[in-house]
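Contents: one structure, followed by commentary.
The values are calculated or read from the model by the stated rules, or taken from the named source; none is laboratory data. No experiment lies behind these values; they were computed from the predicted model shown. Cβ atoms come from the backbone with ideal geometry, glycine included; neighbour counts cover every protein chain shown. Just so you know, the surface numbers come from the protein's heavy atoms only, side chains and all, with ligands and any DNA or RNA stripped out. Shrake-Rupley method; radii C 1.70, N 1.55, O 1.52, S 1.80 Å.
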Amino acid sequence: MKTSPPTARISTPLAAPRIYRRLHFWRWVSAIIVLAAVAGIIIVLAGARIQWPHVLQYVVLDTMAQAAWNTVLLAVAAQLVAVIIGVIIAIMRISRNPVAISVATGYIWIFRGVPVLVQILVWYNLALVVDRIVIGVPFTNWTLIDQPTNAIMTAFTAALLGLALNESAYMAEIIRGGLKGIDSGQTEAAHALGMSPMRTLARIILPQAMRIIIPPTGNNFINMLKTTSLASVVTYFELVKAAANISSRNLEVMETLFAAAVWYMIIVTVASIGQFYLERAFDGSTRRGRPRNLRTAIRNALVRPPFSRRGIDE
């Protein structure tokens, strides 16, 4: 029986599928609403009785510049003290000592629960209940500090203590979360190599935990820059106090407040840029391998060119 040779099957090309573009109706509606709100705000500000040229004049005043410097000084000092105390409280919280855990928990509960303004006012009015501040060496006649409370508890000191102690409670939880986020096998491996607990913390745990700690710390510092405005109630000369002093002479309250707002925006923008590069340095070090120590990672953030080839490849 003869069989016919197989015939080649000719496949017809399929028609290209028709693509239908989806109409994002609610996206356009929300965009229109946002643009309308922004336009409304601009129209209201343009028609308000505000002397906008005076705002620029107040921004460049030496008084406002000095107040901006005082604001940055107070914020940096308070954040530095808060970080130091926060590290100590965090280590106490993760220790196995029940007394240390209880004290650290009580510290966080008190200073995180009391409003910052109340803490600043308590420190500023400490002389009402304590006449002198005396600090000496136990079991000796040596006295390190023996001064009237009013001489020590200045406006800067009261604001520094109120802001730093309140912030330290939050920093303790941030640092504790960063330390707990590192796998326990890292600590065990370091101990197996003969590293001491403090060396393990400084060389192994903290450089890796910084990737977790830096973002919320940067956000808290930016918030600290703005929270320094509360120091104006104890007559500390920062931006809000400077604006109040100027407006008390010429009654241009809104103009001086907008000038202070411009300075706050400048300071916060600079702090945000610094936070970005610091985060990138620790993130990049973590992807390429753990940094040798904190100093190396910080130096990378300060020295590394922002538009280098390595930054583009990452």
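Of the numbered criteria (1) farther than 30 Å from residue 125 by Cα; (2) within 18 Å of the chain's Cα centre (by Cα); (3) of a type outside the set (Phe, Trp, Tyr), the one residue 185 fails is (2). Condition test on residue 73, is it within 30 Å of residue 175 (Cβ to Cβ) and open to solvent by 90 Å² or more (accessible area, probe 1.4 Å)? Spelling it out, it is not the case that residue 73 is within 30 Å of residue 175 (Cβ to Cβ) and open to solvent by 90 Å² or more (accessible area, probe 1.4 Å). For residue 260, state whether it is modelled with pLDDT of 55 or more and of a type outside the set (Asp, Glu). Yes. In this structure, is residue 199 under 23 Å from the mean Cα position of the chain (by Cα) and of a type in the set (Lys, Arg)? Spelling it out, it is not the case that residue 199 is under 23 Å from the mean Cα position of the chain (by Cα) and of a type in the set (Lys, Arg).
Report whether or not residue 220 is touching a residue at least 24 places away in the same chain (Cβ under 8 Å) and of a type in the set (S, T, N, Q). The answer is yes for residue 220. Exactly one residue out of 100, 46, 90, 36 is out of contact with any strand residue (DSSP E or B) (no Cβ under 7 Å at 6 or more places or on another chain), at pLDDT below 85 and not in a loop (DSSP other than H, G, I, E, B), and it is 46.
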